[in-house]
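What follows is a single structure, written as structure tokens, with notes after it.
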Amino acid sequence: NYFTAARLEKYIEALECAPGYDFHVHVIGDRATTDGLNAVAAAKASNGDCKAHRHLFTHVWMVHKDDIPRFGSLGVTADIQLQDAISEEAEY
């Protein structure tokens with residue numbers, strides 16, 4: 001991951017309420033998705049429901065089955081781009 005899970009959590013926790021930022025997070029792979037959802041969950045636990053968030057995870061593919069319902073419960077939109085999952089030109 002580009003950011004550690006702790007660093008992402010720190011940014012979301014610090015910026016989602018007072019300035020009111022919604023986060024657009026690139027999550028390619030199941031670990032990145034889990035870390036991102038964990039960061040949103042930790043920020044929500046710390047900040048409460050300070051505003052209606054519209055966090056967006058983009059390039060979502062390879063999601064662990066336990067994380068699928070977490071998108072809805074945390075209010076995170078999954079921008080699924082299947083073309084990123086295709087690695088061979090012949091598969092287009």
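For the reader, a short list of remarks on this structure follows.
- In the range 11-23, the residue that is surrounded by the fewest Cβ atoms within 10 Å (Cβ to Cβ) out of those that are part of a loop (DSSP other than H, G, I, E, B) and not small (Gly, Ala, Ser) is Pro19.
- Filtered by the rule that a residue be in a loop (DSSP other than H, G, I, E, B), within 16 Å of Glu9 (Cβ to Cβ) and either in contact (Cβ under 8 Å) with a residue 60 or more places away in the chain or open to solvent by 20 Å² or more (accessible area, probe 1.4 Å) (or both), the range 24-68 gives Gly48, Cys50, His53.
- Residue check for Arg7: among the charged types (D, E, K, R), part of a helix (DSSP H, G or I), out of contact with any Gly (no Cβ under 8 Å at 6 or more places or on another chain) and at pLDDT below 95: yes
- Being part of a helix (DSSP H, G or I), open to solvent by less than 70 Å² (accessible area, probe 1.4 Å) and touching a strand residue (DSSP E or B) at 6+ places or on another chain (Cβ under 7 Å) is a property that Phe71 has.
The values are calculated or read from the model by the stated rules, or taken from the named source; none is laboratory data. As the structure is a prediction and not an experimental result, all values here were calculated from the model. Neighbour counts are summed over all protein chains in view; Cβ atoms, including those assigned to glycine, are modelled from backbone coordinates with ideal geometry. To get the accessible areas, we keep the full protein, side chains included, count just its heavy atoms, and leave off ligands, DNA and RNA. Shrake-Rupley method; radii C 1.70, N 1.55, O 1.52, S 1.80 Å.
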